[in-house]
Amino acid sequence: MAALLDASSPELSPTTTSSAHELPQLAEHFGLESPPRPRSNGQGQIRSGSVHSVVRSENGGEPGERAQSQGSESSNNINMQAGIGPASATIPNPRKRPSLDTVEYPRRRATIACEVCRSRKSRCDGTRPKCRLCVELNADCVYREPGIKLDAGDRLILEHLTRIENMLHNGAPTGFGNQSMPNAPTGFGNQSMPNALTGFGNQSMPNALTGFGNQSMPNALTGFGNQSMPNTPLTPLMPPQLSSSAGSTATTTTTAGNMSKSPSGLGSGIDLQHAMGLTTFSHMPKFHSTPALHLLRWPKISQLVSRPYSSHHLLQLELNRSPLQLDQNVSLDLSNSAVYVQAYFERVNTWYACVNPYSWTGYYSTALSQGFRAGPESCMVLLVLALGCASTRGSISRIPQDEDPPGLEFFSVAWGMLPALMTRQTIASAQCMILAAAYLFYLVRPLEAWSWVSAAATRLQLIISIGPPDLLPNPDRELCERVYWNAVLFESDLLAEMDLPHSGLVQLEDTVGLPGGFETTSPPPSPEIRDDLWYFLSEIALRRLLNRVSNLIYSRGTDTSIPSLAPVVAELEFQLNQWYSSLPLPIRFPHTRTPIPNPVQTVLRLRYYACRTIIFRPYILAVLENEALAADTVVRDNCRKCLDACLRQLEHITEHHAGHLPYLWQGALSMVSQSLLVMAATMCPPLAAILPMEEMMEGVFGRVVEEVERYAQLAPSLRLSAEILREAEARRQVYLRTRGLRV
């Protein structure tokens with residue numbers, strides 16, 4: 001049991017969660033665990049666990065020591081002003097106001113020491129631009145300014161020290177303290193979670209993936225009901241070997257000594273969630289170099305375009321786009337509504353999981369009684385019909401331009417109801433906004449989608465600030481959590497490519513758990529419909545890992561030199577491999593180079609290789625800047641990993657159609673990024689030696705350009721992407737011919 005907890009703790013986990021309910025199975029398949037959740041103290045107040053920090057002050061010493069020293073100096077200063085001091089001090093006349101000229105102030109010290117004084121452990125006088133010692137030594141005087149972040153390697157080390165200290169603080173050496181030990185061979189049951197690893201105190205053990213204690217567990221194979229799943233043996237890293245038969249359970253076991261070690265030398269992971277307040281790693285940084293257009297500044301790639309592009313170019317194009325014009329007075333044809341509802345729950349709810357199939361009949365009856373003209377129920381039902389209809393026609397890039405997108409008539413009527421929902425601060429109104437954003441992503445309207453995601457985020461922050469979702473009744477709590485994570489996923493995907501304002505919603509992730517299954521209150525629309533959470537939960541985990549990559553490698557001011565990069569990349573690769581190994585078998589994709597018929601596996605495989613690409617991408621830049629670095633074995637191997645991940649996303653370009661509903665826009669920009677990387681590699685002899693023959697590369701680039709050109713009519717940003725790729729490939733071939741690199 002200890003091995004599982006250590007291997008899949010928040011330090012390793014791509015996601016964290018918590019709840020007071022039980023999910024004994026889903027989370028076991030992912031390396032996920034829950035952060036401390038707010039708890040009631042029995043007086044109607046909410047309290048949460050504290051995180052002990054190991055960050056030392058700029059001048060050295062523990063925070064407590066620094067505070068004590070400051071308090072002592074402050075006390076001495078007050079005593080001196082009040083005339084209380086050493087025996088030799090003159091006692092002033094109490095009738096006279098003390099003169100400020102007689103006050104003895106403590107000697108002024110430099111608040112920040114320069115690096116030279118810091119290394120020599122000398123007292124620094126803080127003089128700018130050079131302190132006295134640096135003047136005497138004729139040395140460069142460099143000050144570490146307040147607010148500058150430590151480099152990624154330092155942060156990883158400090159975060160792991162925090163994790164170790166927390167474990168020791170809560171009950172060394174096992175970390176269980178006075179908590180009840182879960183039964184490792186039989187599963188969790190209703191026993192308590194070790195506090196040292198999760199900070200849950202005496203709460204019931206949360207599920208490793210979904211974070212819920214004794215909530216009934218949805219069965220991935222037999223459907224979701226209110227029966228509790230049987231206790232199952234656990235494994236620290238490998239997922240259970242699920243049988244394809246209904247009702248199958250895990251059959252693997254674990255031992256306390258079977259702990260996985262991180263290749264970075266930091267143990268079994270990094271405590272990214274509770275890391276001393278240095279930064280929140282699971283959200284996109286405000287300033288980062290992840291976007292596709294940033295690659296146009298790289299060596300070689302800058303030669304593939306004839307004009308410079310700013311980082312705001314895509315955003316400006318979408319801002320100047322004509323607004324969406326919809327006829328809200330269209331007549332609704334509900335004759336195929338049953339087909340669209342079935343299509344939604346089979347093909348769409350897999351991606352978003354934000355509509356309760358067991359309450360659908362009630363939603364539809366309410367909307368029908370209102371004539372589909374008012375109320376959140378009517379709006380939600382219409383949006384479900386719109387998305388269900390859209391899912392029946394395949395990718396929107398294949399729809400003729402003179403034909404309305406599928407489902408537009410339902411969306412148009414729902415669009416007219418959304419302004420009224422703006423005045424409602426409810427979970428139902430936020431749910432409608434998320435569904436509206438989902439259809440807008442299908443229409444490839446990213447900026448309009450962001451507007452509704454931001455509106456939903458505002459309502460969610462208000463609702464959660466009043467009280468954590470754990471205090472809400474089920475299914476309100478479950479719906480709130482699902483809507484919350486959809487908003488986080490949408491916003492993160494948009495922020496990865498465009499410089500948009502951050503809503504701050506992700507700051508509440510410690511308060512919001514992961515979904516664990518709706519209660520069965522009534523039959524679903526059809527017996528085969530299930531409340532499937534496998535994809536949704538794995539995508540949350542991967543998105544949070546992608547955000548960590550952006551924070552640790554691509555945020556402004558990060559040191560990306562090869563020595564600093566190596567341990568960070570090794571740790572992130574380890575976490576990505578953990579994520580893959582923890583996928584349940586029904587959705588775990590093979591590492592083959594052939595297409596997969598399962599759309600969920602296809603999308604997860606594309607997302608996996610996209611994450612792998614950006615983890616190793618800095619090594620490509622390093623070699624493009626200095627080809628001699630390719631002689632280093634580690635650098636060359638990491639470049640190979642990056643280029644292989646790129647080609648895996650480009651070899652079968654039509655695989656991207658599997659995620660046309662949630663990821664067409666994001667997928668198109670990902671194609672641009674990977675294509676530009678590989679194009680630059682063909683122009684660099686050390687990297688070109690890693691790639692297949694040039695004839696094969698030409699075929700890959702030709703198919704990618706053709707595919708992205710199909711998207712050009714859907715959005716200005718995609719039209720620009722197609723133009724960039726077309727020009728880049730033409731200029732690449734000229735470059736190769738003029739330098740004799742192409743026969």
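The values are calculated or read from the model by the stated rules, or taken from the named source; none is laboratory data. Since we're looking at a predicted model, the values are computed, not measured. So basically every Cβ, Gly included, is an ideal-geometry build from the backbone, and we count neighbours across all protein chains shown. Remember, those area values only see protein heavy atoms, side chains included, never the ligands or the DNA or RNA. Shrake-Rupley method; radii C 1.70, N 1.55, O 1.52, S 1.80 Å.
Would you tally the residues in segment 530-547 being part of a loop (DSSP other than H, G, I, E, B) and open to solvent by 10 Å² or more (accessible area, probe 1.4 Å)?
So the answer is 2.
Would you please list the contacts, defined by Cβ atoms under 7 Å and residues six or more apart or on different chains, that run from a residue in segment 654-676 that is not assigned by the TED database to the domain that holds P597 to a residue that is crowded, with 24+ Cβ neighbours inside 10 Å?
Going by the 7 Å Cβ cut-off, there are no qualifying pairs.
Give me a count of the residues in segment 639-661 that are open to solvent by less than 10 Å² (accessible area, probe 1.4 Å), within 28 Å of G394 (Cβ to Cβ) and within 23 Å of the chain's Cα centre (by Cα).
5
In segment 303-349, how many residues are of a type in the set (A, V, I, L, M), out of contact with any Gly (no Cβ under 8 Å at 6 or more places or on another chain) and open to solvent by 80 Å² or more (accessible area, probe 1.4 Å)?
The number of residues fulfilling the criteria is 1.
Is it the case, given these coordinates, that L266 is in contact with a Lys or Arg (Cβ under 7 Å, 6 or more places away or on another chain), part of a loop (DSSP other than H, G, I, E, B), modelled with pLDDT under 75 and not assigned by the TED database to the domain that holds R732?
Judged against the criteria, L266 is not a match.
Take segment 286-303 and flag every residue that is small (G, A, S) and part of a helix (DSSP H, G or I).
Answer for segment 286-303, where residues must be small (G, A, S) and part of a helix (DSSP H, G or I): A292, S302.
In this structure, does P595 turn out to be in contact (Cβ under 8 Å) with a residue 60 or more places away in the chain, buried (at least 21 other Cβ atoms within 10 Å of the Cβ) and outside any helix (DSSP H, G or I)?
So P595 does not fit the description; no.
Exactly one condition in (1) among the hydrophobic types (A, V, I, L, M, F, W, C); (2) without any contact (Cβ under 8 Å) to a residue 40 or more places away in the chain; (3) outside the structural domain of W485 (by the TED database) is false for L326; which is it?
(2)
Could you list, ordered by first residue, the pairs with Cβ atoms under 6 Å in which the first is in segment 329-354 and over 23 Å from C480 (Cβ atoms) and the second is of a type in the set (S, T, N, Q) and open to solvent by 40 Å² or more (accessible area, probe 1.4 Å), at least 6 apart or interchain?
Cβ pairs passing all conditions: A343/T392.
Taking segment 501-547 only, how many residues are of a type in the set (S, T, N, Q) and closer than 18 Å to P599 by Cα?
Of the residues in segment 501-547, 1 are of a type in the set (S, T, N, Q) and closer than 18 Å to P599 by Cα.
Yes/no per residue for (1) part of a loop (DSSP other than H, G, I, E, B); (2) under 30 Å from R459 (Cα atoms); (3) of a type outside the set (G, A, S); (4) open to solvent by 30 Å² or more (accessible area, probe 1.4 Å):
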{"position": "V506", "(1), (2), (3), (4)": "no, yes, yes, no"}
{"position": "G517", "(1), (2), (3), (4)": "yes, yes, no, no"}
{"position": "S522", "(1), (2), (3), (4)": "yes, yes, no, yes"}
{"position": "V549", "(1), (2), (3), (4)": "no, yes, yes, no"}
{"position": "I553", "(1), (2), (3), (4)": "no, no, yes, no"}
{"position": "V569", "(1), (2), (3), (4)": "no, no, yes, no"}
{"position": "H591", "(1), (2), (3), (4)": "yes, no, yes, yes"}
{"position": "R605", "(1), (2), (3), (4)": "no, no, yes, no"}
{"position": "T613", "(1), (2), (3), (4)": "no, no, yes, no"}
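Within segment 710-721, how many residues turn out to be over 18 Å from M498 (Cβ atoms) and either without any contact (Cβ under 8 Å) to a residue 40 or more places away in the chain or surrounded by 18 or more Cβ atoms within 10 Å (Cβ to Cβ) (or both)?
1
Name the one entry in V634, V623, V600 that is surrounded by 18 or more Cβ atoms within 10 Å (Cβ to Cβ), among the hydrophobic types (A, V, I, L, M, F, W, C) and within 15 Å of L687 (Cα to Cα).
Only one candidate qualifies: V623.
Just one of the numbered conditions (1) in contact with a Pro (Cβ under 6 Å, 6 or more places away or on another chain); (2) without any contact (Cβ under 8 Å) to a residue 24 or more places away in the chain; (3) of a type outside the set (A, V, I, L, M, F, W, C) is not true of D637; which one?
(1)
Among the numbered criteria (1) at pLDDT 95 or above; (2) not assigned by the TED database to the domain that holds E651, which one does D559 miss?
That leaves (1) as the condition not met.
Here is a yes/no grid of residues against (1) among the charged types (D, E, K, R); (2) closer than 24 Å to E491 by Cβ; (3) open to solvent by less than 30 Å² (accessible area, probe 1.4 Å):
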{"residue": "Q401", "(1), (2), (3)": "no, no, no"}
{"residue": "I434", "(1), (2), (3)": "no, yes, yes"}
{"residue": "S451", "(1), (2), (3)": "no, yes, no"}
{"residue": "P468", "(1), (2), (3)": "no, yes, yes"}
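Only one of these conditions is not met by A420: (1) among the hydrophobic types (A, V, I, L, M, F, W, C); (2) in a helix (DSSP H, G or I); (3) buried (at least 18 other Cβ atoms within 10 Å of the Cβ); (4) out of contact with any Ser or Thr (no Cβ under 6 Å at 6 or more places or on another chain). Which number is it?
In the conditions (1) among the hydrophobic types (A, V, I, L, M, F, W, C); (2) in a helix (DSSP H, G or I); (3) buried (at least 18 other Cβ atoms within 10 Å of the Cβ); (4) out of contact with any Ser or Thr (no Cβ under 6 Å at 6 or more places or on another chain), A420 misses (3) alone.
Yes/no per residue for (1) assigned to a helix (DSSP H, G or I); (2) of a type in the set (D, E); (3) modelled with pLDDT of 95 or more; (4) under 23 Å from R297 (Cβ atoms):
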{"position": "L677", "(1), (2), (3), (4)": "yes, no, yes, yes"}
{"position": "A680", "(1), (2), (3), (4)": "yes, no, yes, yes"}
{"position": "Q713", "(1), (2), (3), (4)": "yes, no, no, no"}
{"position": "Q733", "(1), (2), (3), (4)": "yes, no, no, yes"}
{"position": "L736", "(1), (2), (3), (4)": "yes, no, no, yes"}
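Could you check segment 697-719 and list, in sequence order, the residues that are among the basic types (K, R) and farther than 18 Å from V444 by Cβ?
Selection gives R703 alone.
So is T558 open to solvent by 10 Å² or more (accessible area, probe 1.4 Å) and β-branched (V, I, T) or not?
yes
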